[in-house]
4 protein chains.
Amino acid sequence: MRDPELQGVDPVAAQDWRRFEPLKLPPVLRHALEAFAAHGYHGTSVRDIANRMGQTVPAIYYYYQNKQAILVALLHTAIVEDIDRCRRAVEEATGDVVAQLSNYVYCLTLCVTYRTELALLDYERRALEPENREQYTDLRDELQQILGDVVEQGTDQGRFDVLDTAAAVRALIAMCVGITAWYRPGGPLTPQQVGERYVDLALGMLRSTDRAADVLTAVPCSGERS
Amino acid sequence: MRDPELQGVDPVAAQDWRRFEPLKLPPVLRHALEAFAAHGYHGTSVRDIANRMGQTVPAIYYYYQNKQAILVALLHTAIVEDIDRCRRAVEEATGDVVAQLSNYVYCLTLCVTYRTELALLDYERRALEPENREQYTDLRDELQQILGDVVEQGTDQGRFDVLDTAAAVRALIAMCVGITAWYRPGGPLTPQQVGERYVDLALGMLRSTDRAADVLTAVPCSGERS
Amino acid sequence: MRDPELQGVDPVAAQDWRRFEPLKLPPVLRHALEAFAAHGYHGTSVRDIANRMGQTVPAIYYYYQNKQAILVALLHTAIVEDIDRCRRAVEEATGDVVAQLSNYVYCLTLCVTYRTELALLDYERRALEPENREQYTDLRDELQQILGDVVEQGTDQGRFDVLDTAAAVRALIAMCVGITAWYRPGGPLTPQQVGERYVDLALGMLRSTDRAADVLTAVPCSGERS
Amino acid sequence: MRDPELQGVDPVAAQDWRRFEPLKLPPVLRHALEAFAAHGYHGTSVRDIANRMGQTVPAIYYYYQNKQAILVALLHTAIVEDIDRCRRAVEEATGDVVAQLSNYVYCLTLCVTYRTELALLDYERRALEPENREQYTDLRDELQQILGDVVEQGTDQGRFDVLDTAAAVRALIAMCVGITAWYRPGGPLTPQQVGERYVDLALGMLRSTDRAADVLTAVPCSGERS
DNA sequence: TATGAATGAGTTTTCATTCAT
DNA sequence: GATGAATGAAAACTCATTCAT
């Protein structure tokens with residue numbers, strides 16, 4: 001509603017899609033995200049969020065009209081950042097579909113690992129009211145379309161070979177989002193290492209003979225964990 | 001508790017892992033499954049379930065001790081059937097890891113398409129109380145281990161080539177389970193067609209040069225939809 | 001209602017007020033008594049009773065019209081036995097008010113110690129519906145009146161000296177019933193020992209100079225514990 | 001929880017153990033006390049309490065975490081006041097065990113008559129959860145111990161003569177608490193009159209030859225009724 | 001900005017009771 | 001005599017939300 005710290009995507013992060021600053025969310029969203037990620041939208045009460053914030057319930061209603069608005073804000077934040085980064089990742093490799101595919105998968109993997117809780121929230125989209133769900137679905141389709149175009153193009157160019165482009169796209173995205181099921185920051189793999197492995201799997205999946213190590217431009221992308 | 005129609009996996013289905021009879025669940029579980037799949041565990045009230053059954057709330061408590069017990073029964077039913085089928089699919093192809101991999105993926109795809117709602121329930125595992133969650137996690141690990149052994153073996157034999165076996169296994173399973181996000185019975189693809197496409201993607205992912213059409217033993221597996 | 005084992009007070013016990021056979025109650029009453037004594041009438045569910053009996057709920061309704069009827073039967077059993085015994089105890093000592101008082105107190109003490117759970121039930125009288133409560137109150141008044149007559153008579157004869165007969169009677173009965181708060185079978189004192197101590201306290205309370213040991217006719221009153 | 005009107009024992013009452021101001025309880029406790037006294041803990045629903053308050057159920061949960069917490073607060077209030085008063089009553093008569101005994105009994109009698117409903121609640125202690133029960137039992141033992149010390153000392157000094165000190169203490173307390181069974185404010189006896197009668201009974205019970213009228217320091221102890 | 005207090009509608013669960021078998 | 005199955009009512013408690021301050 002009028003949450004002062006929510007100014008959209010950080011402009012610095014907006015320059016390098018590989019770089020992830022710690023997620024800067026206003027307090028309500030930050031704590032709501034924790035709670036939603038842990039117990040789901042319906043499994044989280046507004047009081048839960050307030051308790052995590054160390055504040056009282058009405059304080060939350062000062063910033064957001066209702067619980068649903070919090071979910072909307074979070075999902076919007078997440079998908080907008082994903083689209084923004086993935087689009088830039090693909091644009092960076094204009095002219096080379098294999099690199100484009102690699103960059104997309106690498107980027108999405110980084111989004112999922114650096115922003116695991118936000119990525120988890122995708123499963124809560126069914127809790128959106130119809131109108132909000134439609135808006136979110138449109139954005140999600142947009143994210144998917146970016147990949148769809150790459151795969152389509154690569155197939156046309158004979159660089160990829162799949163029976164069904166749409167199925168491949170879905171499988172690629174599901175594979176990446178599925179990282180949320182096991183990845184934990186501080187685990188054995190860094191986001192970049194996960195990214196390389198998933199790019200390699202993706203390239204194979206599309207029957208490219210390239211390998212991730214050769215395609216990915218090694219870039220130092222530290223980015224503190226959120 | 002004392003639900004008379006819950007007799008475990010159908011013995012006929014137990015013979016052919018490719019054949020899916022319509023899911024035979026006792027009324028409580030059947031309607032609870034519908035509701036949980038649509039709105040999640042926390043988004044479903046016991047009254048919702050009762051209304052779907054055309055009965056009153058206490059009738060549900062006659063059969064199940066509480067709401068949690070219903071979720072436990074459903075998740076158990078689902079995972080046990082998955083393990084049973086996938087194990088038989090792999091055993092059927094003993095001696096040929098590529099066929100084993102194909103059968104596993106094909107089988108899991110069929111499970112997800114023929115039993116979409118049960119597959120969706122996997123995301124509700126976080127609603128399980130600790131003890132129940134542990135039991136379910138063990139079974140899920142078992143299902144994953146079956147695939148892990150195949151990938152491991154295929155890699156040793158030089159039939160597969162991946163940077164990280166564990167990551168590949170997770171990606172394969174996430175890819176298949178992710179089918180729940182878009183597959184709808186009656187849609188353009190039959191479960192078998194989905195299966196072939198995903199097997200092909202899986203083979204590519206592991207850098208096998210085989211194609212699904214060549215590996216999969218074409219079998220007429222009608223199986224009415226549940 | 002039609003409970004076959006409830007034939008009223010055992011005729012053997014009816015002969016010697018000092019002798020307590022193990023309480024012979026039909027199963028429903030036996031288990032209801034346990035439950036009511038432990039958790040009170042409102043704290044006990046019909047299912048609790050059924051579970052203690054190892055039977056199902058409707059079985060209870062075969063014998064008793066409802067939960068209230070069970071309480072009525074128990075309270076009636078208890079108070080009728082108390083009245084019967086105390087009356088005989090007093091009659092036995094006709095002609096000697098001090099002995100009558102002693103016998104009454106001794107008898108009531110035995111009732112409370114040998115039938116602790118039944119005595120405890122007296123606190124549940126408020127759960128009786130008006131009509132049932134009235135009947136029970138009448139019987140309770142009858143029990144109290146027996147003592148009241150003795151104290152009155154003793155005071156007239158100059159054997160007792162109290163400021164207020166009614167208050168003394170209530171205090172005596174409260175003192176005896178209060179034994180339920182601490183007495184446990186198998187504890188350090190036998191019912192007979194408790195009886196002697198309380199008779200001695202009662203005699204003092206009424207300013208008699210007699211002592212319990214001198215007044216009480218020592219009688220071997222084994223009576224197995226209920 | 002955060003009930004603002006519960007400030008512990010009134011400091012004025014704290015000065016004179018004979019003086020009873022009208023009981024000042026926060027609304028929830030006040031109405032819960034009425035209900036618990038009338039129908040018992042299990043016989044009272046939270047809605048009953050809310051209705052008596054003229055408020056809705058959740059209003060109660062704003063002040064108390066649950067129903068049990070209300071009982072705990074009430075029992076604590078009662079027993080703490082009893083201990084406080086009785087201790088001061090005994091201390092006031094230091095040096096004279098007979099006067100100490102008289103003061104204790106007189107004080108407890110006043111507590112029971114001026115605070116009949118609170119005294120009645122003692123029978124609800126079995127509804128306490130284990131931990132709460134333990135705490136309450138400890139306080140109750142403390143109250144009993146104060147009397148136990150007096151009786152013990154008086155016996156050593158030859159002022160009292162009982163067969164069993166412990167039994168006498170229990171009988172004395174049961175006798176006083178038993179007043180709840182018949183005493184009603186506005187009845188024929190004032191609390192002070194009841195007190196004198198019960199002190200006289202108590203002195204007799206312990207075989208003291210003193211009479212209440214001689215021992216009790218006549219003090220104007222008006223104290224409006226609660 | 002924030003909170004104390006409150007509420008209507010809902011939650012899960014249990015209650016006493018019934019009835020066909 | 002006893003049970004499986006069911007129910008209307010009510011239990012304790014929580015929900016998202018509001019509003020005066």
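The values are calculated or read from the model by the stated rules, or taken from the named source; none is laboratory data. All values reported here derive from a predicted model rather than from experimental measurement. Here the Cβ is made from the backbone with ideal geometry for all residues, glycine too, and neighbour counts use every protein chain on show.
General observations
- Filtered residues of segment B:50-68 (kept if within 14 Å of DNA strand F (Cβ to nearest atom) and in contact with a Phe, Trp or Tyr (Cβ under 9 Å, 6 or more places away or on another chain)): B:Lys67
- C:Trp17 meets each of the listed conditions (1) over 25 Å from C:Leu147 (Cβ atoms); (2) out of contact with any Pro (no Cβ under 9 Å at 6 or more places or on another chain); (3) in a loop (DSSP other than H, G, I, E, B) apart from (1).
- In segment C:27-67, residue nearest to B:Tyr62 (Cα to Cα) [restricted to those that are of a type in the set (Ser, Thr, Tyr) and not in a helix (DSSP H, G or I)]: C:Thr56
- Residues of segment C:37-92 satisfying the condition of being of a type in the set (Asp, Glu) and within 14 Å of DNA strand E (Cβ to nearest atom): C:Asp48
- Unmet requirement for B:Thr56, which otherwise passes all of (1) away from chain A (no Cβ under 14 Å); (2) hydroxyl-bearing (Ser, Thr, Tyr); (3) touching a Leu at 6+ places or on another chain (Cβ under 7 Å): (3)
- C:Glu134 being within 16 Å of DNA strand E (Cβ to nearest atom) and in the same structural domain as C:Val169 (by TED's automatic domain parsing): no
- Residues that are in a helix (DSSP H, G or I) and among the hydrophobic types (A, V, I, L, M, F, W, C) within segment B:74-93 comprise B:Leu74, B:Leu75, B:Ala78, B:Ile79, B:Val80, B:Ile83, B:Cys86, B:Ala89, B:Val90, listed in sequence order.
- Qualifying positions in segment A:94-115 - assigned to a helix (DSSP H, G or I) and of a type in the set (S, T, N, Q): A:Gln100, A:Ser102, A:Asn103, A:Thr109, A:Thr113
- Contact map, segment C:35-53: residues that are more than 10 Å from chain D (Cβ to nearest Cβ) and in contact (Cβ under 8 Å) with a residue 40 or more places away in the chain paired with residues that are outside any helix (DSSP H, G or I) and more than 8 Å from DNA strand E (Cβ to nearest atom), Cβ distance under 9 Å, separation 6+ or inter-chain. Pairs shown: C:Phe36/C:Gly43.
- As for segment C:121-144, it holds no residue that is more than 16 Å from DNA strand F (Cβ to nearest atom), under 17 Å from the mean Cα position of the chain (by Cα), away from chain D (no Cβ under 14 Å) and surrounded by 22 or more Cβ atoms within 10 Å (Cβ to Cβ).
- Checking the stated criteria, D:Leu71 turns out not to satisfy the condition of being closer than 27 Å to D:Trp182 by Cα, within 14 Å of chain C (Cβ to nearest Cβ), away from DNA strand F (no atom under 16 Å from the Cβ) and part of a helix (DSSP H, G or I).
- One residue alone among D:Asp3, D:Asp10 is modelled with pLDDT under 95, crowded, with 16+ Cβ neighbours inside 10 Å, farther than 21 Å from D:Arg125 by Cα and acidic (Asp, Glu), and that residue is D:Asp3.
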